[in-house]
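Peer 1: Let me begin by handing over the structure; questions about it come next.
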Amino acid sequence: MSNEKEVAVTPDDGEVEVDSTYKPPPEKSLSDIIAADPEDESLRKYKEALLGQAQQGLVIVEPSDPRKVIVKKLALCVQGRDDLELDLTGDINDLKKQVFTIKDGVQYKIRIDFIVQREIVHGLKYVQKIYRLGVPVDKMVHMVGSYPPKAEIQSYTTPPEDAPSGMISRGSYTVNSLFTDDDKNRHLQWEWAFEIKKDWKD
């Protein structure tokens, strides 16, 4: 697992914060971006490629949900095995009851499926903190990027991570996950769990 130092999590309240001196540029609406510099042909083509269907009008996938980013699913992906999935559209308090089993030392990736609607979202980040027996043992932050509104589900997959290995690492872990952005909007924060075992069948 990674040892990045960009993420700070307070065990007492489960809050996840990203320490950074980076200041994002002022947020522009989708209509402002589309209307900007109409005489610049190269910029027009770039916006076509970037915005796609959002140029045709406001993209609203779930009208009853006012959010710009709707996080749908987290998947734990191991080569040669079916993905282990968490449905993030229901009661997130129930996610703690669904415990993934992971073979020690295995390499895995995390995939996040989400919808972006209404406006472009800038600088999405996936932030994760792992605890064992209430003590933080690992932390990471992944830059997901900026995404235009789109009717289809969009996905981000983390680089490979190595699960802890060896007898001493086996046991139960809890994870505090946060999907945020440059403007510190908390699109979703949830807690889930996994257990490291000697083999998948244990």
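Peer 1: Is there a residue in segment 151-161 that is free of Cβ contacts under 8 Å to residues at least 40 places away in the same chain, touching a Phe, Trp or Tyr at 6+ places or on another chain (Cβ under 8 Å), farther than 17 Å from Arg67 by Cβ and assigned to a strand (DSSP E or B)?
Peer 2: No - not one qualifying residue is present in segment 151-161.
This table checks each residue for (1) surrounded by 18 or more Cβ atoms within 10 Å (Cβ to Cβ); (2) modelled with pLDDT of 90 or more; (3) assigned to a loop (DSSP other than H, G, I, E, B).
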position	(1), (2), (3)
Leu76	yes, yes, no
Thr89	no, yes, yes
Ile102	yes, yes, no
Lys109	no, yes, no
Arg118	yes, no, yes
His122	no, no, no
Val127	yes, yes, no
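Peer 1: Which condition breaks for Gly145 when tested against (1) touching a residue at least 24 places away in the same chain (Cβ under 8 Å); (2) out of contact with any His (no Cβ under 8 Å at 6 or more places or on another chain)?
Peer 2: So the condition that Gly145 fails would be (1).
Peer 1: Name every residue in segment 179-193 that is of a type in the set (S, T, N, Q) and either at positive phi or not in a strand (DSSP E or B) (or both), in order of residue number.
Peer 2: Within segment 179-193, Asn185 is the sole residue that qualifies.
Peer 1: Let me ask something additional. Only one of these is assigned to a strand (DSSP E or B) and among the hydrophobic types (A, V, I, L, M, F, W, C): Ile168, Ile196. Name it.
Peer 2: Of Ile168, Ile196, the one residue that is assigned to a strand (DSSP E or B) and among the hydrophobic types (A, V, I, L, M, F, W, C) is Ile196.
The values are calculated or read from the model by the stated rules, or taken from the named source; none is laboratory data. Bear in mind that the values here come from a model prediction, so they are computed numbers and not experimental data. When we count neighbours, we look across all protein chains shown, and the Cβ atoms used for this are built from the backbone with ideal geometry, even at glycine.
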